[in-house]
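The values are calculated or read from the model by the stated rules, or taken from the named source; none is laboratory data. Just so it is clear, the model here is predicted, and its values are computed rather than measured. Cβ placement follows ideal geometry from the backbone for every residue including glycine, while neighbour counts extend to all protein chains displayed. All accessible areas refer to the heavy atoms of the entire protein, side chains included, with ligands and DNA or RNA removed. Shrake-Rupley method; radii C 1.70, N 1.55, O 1.52, S 1.80 Å.
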Amino acid sequence: MQSIFGTDGIRGRFNEEITYSLAYKVGYALGSSLKKKNPILIGRDTRISGDILLQAITQGINESGKKFINLGICPTPAIPFLIRQESFSSGVMISASHNPPEYNGIKIFDHNGQKITKNFENKIQKIIEESKKNISIPTKVVSLKTNKDLMDTYIKSLIQTMGGESLSGLRIILDTCHGSATTCAKKIFQSLGADVKVINNSKNGLKINLNCGSTNLEPLKKALRESPADMGFSFDGDADRVIGIDSEGNVLDGDHILFLWGRELMEQKILTNNLLVSTQMANLGFEKSWNKIGGILYRTDVGDKYVHDAIKKKRAILGGEQSGHILSKINNFSGDGILTALQISKYCKKKNINLNDWLKSSFEPFTQKLTNIKLDFNINKLNPKNKILIDESIKNFQAAYSDNCRVYIRPSGTEPVIRVLVEAKNYKEVHSLSGEITNKLFLEIDKITK
């Protein structure tokens, strides 16, 4: 059996890669693997399939002899925070993050609120493989009671990260993406005194991530043009990512967030070895500018778990991804889009600077072009010989370019695509190279797999 775990838990289209039966087996395997008798905390985003998968997982947990507590619709980072706060034995988040509504996923956390290790994944996989039981979707989906007190605890914890600082006088627009942020983002910003407008704020599992949120910034840019504000923040489906927009429509992505926040920590002399951790997707302009002011950028493979591992190993206190998934010491390195947005807002207020001017003091990004080569097969299911040939082709393309022009190619961990990133100072060079590399790589893959 091919591993069911990808770069961020289990993910796929509902009723295809992720079925009721699989979710039941995951719940059973998780419950059976835990020594602690404390309940398992479980939450979800707004997707229509979330309720069905919740029922399947909890049915499996019950069958294993363990208990659970249902948090209901919540941001992903609420799960690891509450695991640590309330000593749960484990936690599950049902979400496909930034993916479209037809996808869903299962993210599993251990008793420390960390995403489970590869060894734990293998243990769960083994139990699932040995299970001969297939469970079909029941005719009636039972609505499970949610624990609202726990959600209030999480909301209070975010407000407390502000250390008593107010956001009064700031006008902020939030795009909650019809997802998890709809549960609390508006309430948190308003309680801190901000003048808040919210768009895409209905809990709508059919619209989650569709033409909104951190993967599509146009609705937020339009809202900022129509209702002028100091800044805007756009979350993804489970609210662990955020992208900012200033009053002029300029984008504050994860690279800029790391640079600006990191520089503040550097000036306060609390940034370990002036080190930031990011991934291979981080902009080359970011890296060069960070080096220029005395910083070190350590790159990992793409995926927040790799960033997290490097942060722990290097004893860093800040890291993240260009996508807006930021990990900080404040909440034990759980990516939290709302927390990140609060910190950016707090710095603007404390420094008495608008986001537009603060962003101008950031780095000048190199032009990046990201192209997806769509595959009609799962690259991880190729025979080993073909997989090696494709990996070699990718390495050859990546090695062929200079210090001021970077090529990074990787298979997606969540979709049947290969992502080709080309970046350089020169716009024309980037677009020319991107087209050339993408076409050549596509032909090579086609030749290898035929």
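Listed residues 340, 371; which is in contact with a Ser or Thr (Cβ under 8 Å, 6 or more places away or on another chain), farther than 30 Å from residue 154 by Cβ and polar (S, T, N, Q)?
Just one listed residue meets the conditions, 371.
I'd like to check something: does region 27-40 contain any residue that is hydrophobic (A, V, I, L, M, F, W, C), open to solvent by less than 10 Å² (accessible area, probe 1.4 Å), closer than 17 Å to residue 143 by Cβ and at pLDDT 95 or above?
No, because not a single residue in region 27-40 is hydrophobic (A, V, I, L, M, F, W, C), open to solvent by less than 10 Å² (accessible area, probe 1.4 Å), closer than 17 Å to residue 143 by Cβ and at pLDDT 95 or above.
Given the conditions (1) within 22 Å of the chain's Cα centre (by Cα); (2) within 20 Å of residue 28 (Cβ to Cβ); (3) open to solvent by 10 Å² or more (accessible area, probe 1.4 Å), and given that residue 93 satisfies all but one, which numbered condition is not satisfied?
Of (1) within 22 Å of the chain's Cα centre (by Cα); (2) within 20 Å of residue 28 (Cβ to Cβ); (3) open to solvent by 10 Å² or more (accessible area, probe 1.4 Å), only one is false for residue 93: (3).
Going by the conditions given, is residue 252 modelled with pLDDT of 95 or more, under 23 Å from residue 211 (Cβ atoms) and surrounded by 17 or more Cβ atoms within 10 Å (Cβ to Cβ)?
Details: modelled with pLDDT of 95 or more: yes; under 23 Å from residue 211 (Cβ atoms): yes; surrounded by 17 or more Cβ atoms within 10 Å (Cβ to Cβ): yes.
Yes, satisfied.
Quick one: which residue in 159, 188, 155 is β-branched (Val, Ile, Thr), in contact with a Cys (Cβ under 6 Å, 6 or more places away or on another chain), touching a residue at least 12 places away in the same chain (Cβ under 8 Å) and not in a loop (DSSP other than H, G, I, E, B)?
Going through 159, 188, 155 in turn, just one is β-branched (Val, Ile, Thr), in contact with a Cys (Cβ under 6 Å, 6 or more places away or on another chain), touching a residue at least 12 places away in the same chain (Cβ under 8 Å) and not in a loop (DSSP other than H, G, I, E, B): 155.
Residues to consider are 246, 236; find the one that is under 20 Å from the mean Cα position of the chain (by Cα), among the acidic types (Asp, Glu) and open to solvent by less than 40 Å² (accessible area, probe 1.4 Å).
236
Mind checking which residues of region 217-233 are free of Cβ contacts under 8 Å to residues at least 40 places away in the same chain and surrounded by fewer than 16 Cβ atoms within 10 Å (Cβ to Cβ)?
Those that are free of Cβ contacts under 8 Å to residues at least 40 places away in the same chain and surrounded by fewer than 16 Cβ atoms within 10 Å (Cβ to Cβ): 218, 222, 225, 226.
Restricting attention to region 332-355, does a residue exist that is at positive phi and surrounded by fewer than 21 Cβ atoms within 10 Å (Cβ to Cβ)? If you could, list the steps in order and put the result at the bottom.
Keep residues of region 332-355 that are at positive phi, which gives 332-333, 352.
Checking which are surrounded by fewer than 21 Cβ atoms within 10 Å (Cβ to Cβ) leaves us with 332, 352.
Taking every residue of region 332-355 in turn, at least one turns out to be at positive phi and surrounded by fewer than 21 Cβ atoms within 10 Å (Cβ to Cβ).
Going through 23, 78 one at a time, which residue ends up being among the small types (Gly, Ala, Ser), closer than 19 Å to residue 183 by Cα and within 24 Å of the chain's Cα centre (by Cα)?
Within the list 23, 78, the selection yields 78.
Restricting to region 96-116, what's the tally of residues that are open to solvent by 80 Å² or more (accessible area, probe 1.4 Å) and over 28 Å from residue 208 (Cα atoms)?
Looking only at that region, the number is 1.
I need the full set of residues from region 1-26 which are touching a strand residue (DSSP E or B) at 6+ places or on another chain (Cβ under 8 Å), assigned to a loop (DSSP other than H, G, I, E, B) and surrounded by fewer than 20 Cβ atoms within 10 Å (Cβ to Cβ), in order please.
Within region 1-26, 17 is the sole residue that qualifies.
Scan (1) over 20 Å from residue 336 (Cα atoms); (2) crowded, with 24+ Cβ neighbours inside 10 Å for the single condition residue 64 breaks and write down its number.
So the condition that residue 64 fails would be (2).
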